[in-house]
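Working notes, beginning with the structure itself.
The values are calculated or read from the model by the stated rules, or taken from the named source; none is laboratory data. Since the structure is predicted, the reported quantities are computational estimates derived from the model, not experimental observations. Cβ: placed from backbone, ideal geometry, glycine included. Neighbour counts: every protein chain shown. Protein only, heavy atoms only, side chains kept; ligands, DNA and RNA dropped before computing areas. Shrake-Rupley method; radii C 1.70, N 1.55, O 1.52, S 1.80 Å.
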Amino acid sequence: MKAFRIYGPHNGKYEELPDPVIGPDDALLRPRAVTVCGTDLEIYQGTMFYFTSGMAKYPIILGHEWSAEVLAVGSQVTNVKPGDKVVGECTVACGECEFCRKGWYNQCPTRRETGILNLDGGFSDRMSYPANFLHTFQHMSFEEAAMVETTAVSVYGVKLVGTGPGDYVAILGPGPIGLEALQAARAYGARKVVVIGGRPSRQELALKLGADAVIDTRTTDLVTETLRLTDGRKFDVVIEATGNPAVCRDLMKITRPRGRISLIGLFNSQMGELDLDAFVVNNITLQGSLGSPNVWDETINLMETGRIRTAPLITERLPLAKALDVFQMMADKRPDLVKAVLLP
């Protein structure tokens, strides 16, 4: 098979590797599309927390946002069959520990994470995958379906803080996660959704995808605009999707008492500053959000019924062999790049 494999920081190769062998509980897949996210870039650059902390090790085949066609299945597999179109959960857990038994399999201490933590991913033209963690889809393109994983991450983060019809919601950062989170908040009936930050092209896209307003912090005062757009009450829900620790200083400026904050973005091993007294005095809930447990079927439904659209986020299509070119575009922060898809 052909695959793009990372051997260490800034050391990636597109090369031929032995074909995967499936076990009785696995499916042999042909990845058809894989999208690239900031985590992939961090692993390539050597700054991703799992690798800097020793949780994960090189080499690894990247790719946790993918869609595929089933080529063959193991003898014990009953949930998918050859010819099915599938996506796979990023987290592959043991199913037996305390966390798994409670449904928190994203915290399984022996979990593997596709293309990230001790499990090769979809930057390849063949892959073996545990069939129990596959989900089928029907009414999306392979490119759209490759973004089920990142959309599920957004849906999970929005649901964790109980977003509902009474809420004024702020989305910090109009990257792919933020743009999907804004659509998830709309799908759950938020009263108003405001996207904060980002370049003008991303703000324009946010409005097209359903944002009620955007706040450009380079030209307007964040607090003044927050009060104007929320009728003086500030935001009930804040979704942090930038991964930039500098925004931590602004969280309390825009969150109302009893508000809920969901941290979806990873901070690239950097520290942020929080006013802890303000959190206590205002009874603020600060919720970390890792992965996407128990929301995949719901997410696929939201996407297939058009309530969350991912096609408008795809701005670059390249063959898998050009993965390094995509990393360079991301590192250069190319203004027109929202999401790149690689085609194995």
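Values for this structure:
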| quantity | calculated |
| --- | --- |
| Residue (of 301, 165, 201) at the positive-pole extreme of the chain, dipole from beta-carbon charges | 165 |
| Global form of segment 1-121, assessed from the alpha-carbon gyration tensor, a/c cut-off 1.5 | oblate |
| Close Lys-Lys pairs in the chain, where close means Cα under 19 Å and separation is 8 or more or interchain | 13 |
| Cα gyration tensor shape for segment 206-255, rounded if a/c is under 1.5, else prolate or oblate | rounded |
| Nearest-10 value in Å² for the accessible area of residue 47, using the 1.4 Å probe | 40 |
| Unit charges on C-beta of K, R, D, E only; dipole of segment 104-155, Debye | 240 |
| Accessible surface, per residue, of the chain when the full set of protein chains is kept, probe 1.4 Å, Å² | 43 |
| Rounded if a/c under 1.5, otherwise prolate or oblate - segment 78-179, Cα gyration tensor axes | oblate |
| Accessible heavy-atom area order of 277, 167, highest first, probe of 1.4 Å | 277, 167 |
| Cut-off of 10 Å, at most 10 other beta carbons, DSSP loop: longest stretch of the chain lacking such trypsin sites (Lys or Arg not before Pro) | 103-217 |
| The chain, relative contact order in percent, only Cα pairs under 8 angstrom and at least six apart counted | 19 |
| GluC sites (Glu not before Pro), loop per DSSP, at most 13 other Cβ atoms within 10 Å - longest free stretch of the chain | 97-272 |
| With every protein chain in place, the chain: carbon and sulfur % of accessible area (1.4 Å) | 50 |
| Efficiency of FRET between residue 17 and residue 311 - r from beta-carbon atoms, R0 22 angstrom, step 0.05 | 0.10 |
| Estimated FRET transfer efficiency (residue 233, residue 102; beta-carbon r; R0 56 Å; 0.05) | 0.95 |
| Area accessible to solvent at residue 139, 1.4 Å probe radius, in Å² | 140 |
| Furthest towards positive pole of dipole, 257, 31, 128, structure part the chain, Cβ charges | 257 |
| Which of 179, 213, 22, positive extreme of dipole for the chain (C-beta unit charges) | 213 |
| Contour minus Cα-Cα distance for residue 76 and residue 332 (0.36 nm per residue) | 87.5 nm |
| Magnitude of the charge dipole, the chain, Cβ model with Lys/Arg +1 and Asp/Glu -1, debye to 20 | 540 |
| Sum of -39500 (n - 2.57) over DSSP H runs of 4+, divided by residues of the chain (222 nm, nearest 500) | -7000 deg cm²/dmol |
| Exposure rank, largest accessible area first [128, 67; 1.4 Å] | 128, 67 |
| For segment 244-270 and segment 276-335, distance of Cα centres in Å | 16 |
